Amino acid sequence: MSVVFACMDADTLGGIQQVTHTLAQGLAGRGHEVHVIGLHRARVPFRYVDRPLYHRHVISPREPRGRLGRRRADRRLRKLFAAIPPGYAVMTSPSVVIRLSGLLPTGFRPIGQYHGSYDHARGCWHFGSIRKRYPQLDQALFLSEDDAWRFSEHALLPNARALPNPLAAWPREISTLGSPRVLGVGRLEGVKRFDRLISAFARAGAPPPWKLHLIGDGAERDRLRAHAAGEGVGDRVVFRGLVPAERMPAEYLNASVLGLTSEHEGLPIVLLESGAHGVPSVAFDVSGGVRSAGSVLVPPGDVEAFGAELARLVNSVEERRRLGTCARARAEAFRLDHVLDRWERLFAHMER
């Protein structure tokens, strides 16, 4: 049977897209016929896999507008699904579940993913949509046991199941944790709250030559640069811009601590990647996914506590090594082969 992953757009630089292409390549490598569908093209497409073993499709060059545009997109979707052997349709967000409602042909088993946390869903329209639409699906997948249980209890989902994000690769080499570098990775956008990471770094009082390296780009870059100057660490916060995926292992190997200060997260790949390289993390406790992968957790938004934990790790290589060893051991559960095994067990369960 085939496996179809559907995204609103499948080629944006983002966590959902990265996970989708990693899973698609992994399942295709195991002999499954896999398709990745983007309902519309990304504004700035990003290529995740150089030699994909799966099929890629884009339904519309841009997000359809008006009834006529929607009808044309619906026709293209129906035609595409008619050409794909029956199997599993994995809808990667509540928006995709809404969009594909009534369009899946007989023979496709619908699976709804949610890449956010329970707490984030409760704070926006996602919770109501999940509660309304996900019970009708064959499976509803969440990123941690904690999130799956909470959705099951409070959204009344009889089909909730935990299935985490995978690591794309498992590194053989780990960081020595001797480099005076704190690392932050992600889009420089408001939801990532890198202003808090900068403030926490300033509160930590890390002596030179310690620096904070921020990898990523976005609309907040100039504001964050000004914020660093205002916190008195303008010369010690390094804005690195975008770094190609193939060069990220070297970044983790040159880091001693990872900081994650997002407003909300599901299961951040950066926590898994840093942990796999033996790099401990300090993170705000915003989800079950973060709790399953983070090294040191502090209350959400508590910059003073975050700074204190950063200071503790900056000042103790022994503690960094202890926590780094634990982080790598936790990351083991998220290795691609382990997660692909769980997907195949899910398919077998659905066929029984």
* Asked: From Ala283, Ala333, which residue is assigned to a helix (DSSP H, G or I) and of a type in the set (A, V, I, L, M, F, W, C)?
  -> Ala333
* Picking from Gly259, Gly216, which residue would you name as being closer than 27 Å to Leu143 by Cα, surrounded by 21 or more Cβ atoms within 10 Å (Cβ to Cβ) and modelled with pLDDT under 95? -> Gly216
* To do: Answer yes if at least one residue in the range 123-134 is under 22 Å from the mean Cα position of the chain (by Cα) and closer than 23 Å to Leu214 by Cβ, and no otherwise.
  => no
* **Residue selected from the range 40-96 under the condition loosely packed, with under 11 Cβ neighbours inside 10 Å and of a type in the set (Gly, Ala, Ser), by the criterion nearest to Arg30 (Cα to Cα)** => Ala83
* **Only listed residue being more than 22 Å from the chain's Cα centre (by Cα) and modelled with pLDDT of 95 or more, chosen from Glu332, Glu309, Glu344** => Glu309
* Residue selected from the range 135-153 under the condition within 16 Å of the chain's Cα centre (by Cα) and outside any helix (DSSP H, G or I), by the criterion nearest to Ala348 (Cα to Cα) -> Leu141
* **Every pair of residues 6+ apart whose Cβ atoms lie under 8 Å, when the first sits in the range 89-104 and is part of a loop (DSSP other than H, G, I, E, B) while the second is modelled with pLDDT of 95 or more and of a type in the set (S, T, N, Q)** => Thr92/Thr20; Thr92/Gln113; Ser93/Gln113
* Structure fact -> Among the residues of the range 119-140, the number that are touching a residue at least 40 places away in the same chain (Cβ under 8 Å) and either β-branched (Val, Ile, Thr) or closer than 30 Å to Gly278 by Cα (or both) is 2
* Structure fact -> Residue hits (the range 289-306; out of contact with any strand residue (DSSP E or B) (no Cβ under 7 Å at 6 or more places or on another chain) and buried (at least 24 other Cβ atoms within 10 Å of the Cβ)) are Gly289, Ala293
* Taking Ser179 as the residue in question, decide whether it is closer than 29 Å to Lys132 by Cβ, surrounded by fewer than 20 Cβ atoms within 10 Å (Cβ to Cβ) and either polar (S, T, N, Q) or in contact (Cβ under 8 Å) with a residue 40 or more places away in the chain (or both). => no
* To do: Quick one: in the range 45-88, of everything that is part of a loop (DSSP other than H, G, I, E, B) and among the aliphatic types (A, V, I, L, M), which residue is modelled with the lowest pLDDT?
  => Val49
* Asked: Could we say that Ser101 is of a type in the set (S, T, N, Q), surrounded by 16 or more Cβ atoms within 10 Å (Cβ to Cβ) and assigned by TED's automatic domain parsing to the domain that holds Ala160 here?
  -> no
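The values are calculated or read from the model by the stated rules, or taken from the named source; none is laboratory data. Quick caveat: nothing in here was measured; it's all calculated off a predicted structure. For neighbour counting, all protein chains shown are included, and Cβ atoms are generated from backbone atoms with ideal geometry for every residue, glycine included.
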